[in-house]
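Working notes, beginning with the structure itself.
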Amino acid sequence: MLQMSVAHLQQICAHAQRTYPEECCGLLLGQLDLMTEQKKLVEVWETLNAWNSEVKEIMTSLISETSEKTDEPGQKSHAKSDRYWIDPKDLLAAQRHGRDRHLDIIGIYHSHPDHRAVPSECDRAMAWSRYSYLIISVDHGSAIDYRSWCLDDQHRFQSELLKVIEPSSL
Ligand SMILES: [Zn+2]
């Protein structure tokens, strides 16, 4: 279960709308209860989408699956409109920031411009276990849906319960 406040969700949706038609991405800083596996979001850490041709080459060589063939007719070459990449420097900065505040990176959020809030094969290949993957669906510039996902033991995404609460009950 991932718990966050209305304000957090609004911040993430605003970020997703701002970067449309490109994907936005960012980190979720918070606390993980190891007993209950519940995650509580404390801080939203916006990052730049660092996807570029260099990252694309690395990822294409890592993911050997047919859907990655970009030379097929009707297949668009992957760009920031359907891919995201968080610079490791941003990850380190967020970790450093969180350390003093007893916060860990508990997940990653990104947007799907004009696409459902369902993880892609690339999302799955890049995903880490234990993280929450929050996806915002942005339709024609407006955030219309949001869903959180977690990997299971077979490295498949399962829908995760997302609890959005008012700040007073945090
Ligand atoms: Zn995605």
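The values are calculated or read from the model by the stated rules, or taken from the named source; none is laboratory data. Being a predicted model, the structure only gives us computed values, none of them experimental. Don't worry about glycine lacking a Cβ; one is built from the backbone with ideal geometry, like all the others, and counts go over all protein chains shown.
What to note about this one:
- Selection of the stretch 108-130 for residues being closer than 18 Å to Ala50 by Cβ and more than 13 Å from the ligand (Cβ to nearest atom) yields only Trp128.
- Hits in the stretch 112-143 (condition: in a strand (DSSP E or B) and under 20 Å from Glu46 (Cβ atoms)): His112, Pro113, Ser132, Tyr133, Leu134, Ile135, Ile136, Ser137, Val138, Ser142, Ala143
- Single condition Lys163 does not satisfy, out of (1) in contact (Cβ under 8 Å) with a residue 40 or more places away in the chain; (2) in a loop (DSSP other than H, G, I, E, B): (2)
- Contacts under 7 angstrom Cβ, first residue in the stretch 104-125 being among the charged types (D, E, K, R), partner in a helix (DSSP H, G or I) and at pLDDT 95 or above, 6 or more apart: Asp104/Gly98
- The set of residues from the stretch 128-147 being within 15 Å of Ile108 (Cα to Cα) and either surrounded by fewer than 18 Cβ atoms within 10 Å (Cβ to Cβ) or of a type outside the set (A, V, I, L, M, F, W, C) (or both) comprises Trp128, Ser129, Arg130, Tyr131, Ser132, Tyr133, Ser137, Tyr146, Arg147.
- Residue match in the stretch 86-105 (condition: in contact with a helix residue (DSSP H, G or I) (Cβ under 8 Å, 6 or more places away or on another chain) and within 10 Å of the ligand (Cβ to nearest atom)): no
- Taken as a whole, the structure leaves His155 outside the set of residues that are surrounded by 15 or more Cβ atoms within 10 Å (Cβ to Cβ) and in a loop (DSSP other than H, G, I, E, B).
- Per the conditions (1) within 18 Å of Val44 (Cα to Cα); (2) out of contact with any Phe, Trp or Tyr (no Cβ under 7 Å at 6 or more places or on another chain), the sole criterion not satisfied by Trp85 is (2).
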